[in-house]
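Working notes, beginning with the structure itself.
The values are calculated or read from the model by the stated rules, or taken from the named source; none is laboratory data. Keep in mind that this is a model prediction, so the values were computed, not measured. A quick note on method: Cβ atoms are made from the backbone with ideal geometry, for glycine too, and the neighbour counts reach across all protein chains shown.
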Amino acid sequence: MRVGWNGLSRVYHTVLHFDIKDGKIWLQQNTTDVDVGQELIDVGIPKEDIVLGLHPAYKRPYTGYGVA
């Protein structure tokens, strides 16, 4: 997260957001240039246990990742 102040303006920005639901890792937000899904696979998490929650439900079956 980015939290703080820029002059008189409050800065509150989520860079990465994960949830764990029913034994699956849900990627909810990724504003980096890193392929976080691939990073999770590289550390041994099965692709079907990763859900790209940042995509609408109708697109998830086409991502190659888990569907919930």
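Here are the numbers for the structure shown:
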quantity	calculated
Members of region 1-32 found to be without any contact (Cβ under 8 Å) to a residue 24 or more places away in the chain, polar (S, T, N, Q), in a strand (DSSP E or B) and surrounded by 10 or more Cβ atoms within 10 Å (Cβ to Cβ), listed by number	none
Enumeration of residues in region 33-54 that are under 10 Å from the mean Cα position of the chain (by Cα), part of a loop (DSSP other than H, G, I, E, B) and modelled with pLDDT of 95 or more	35, 52, 53
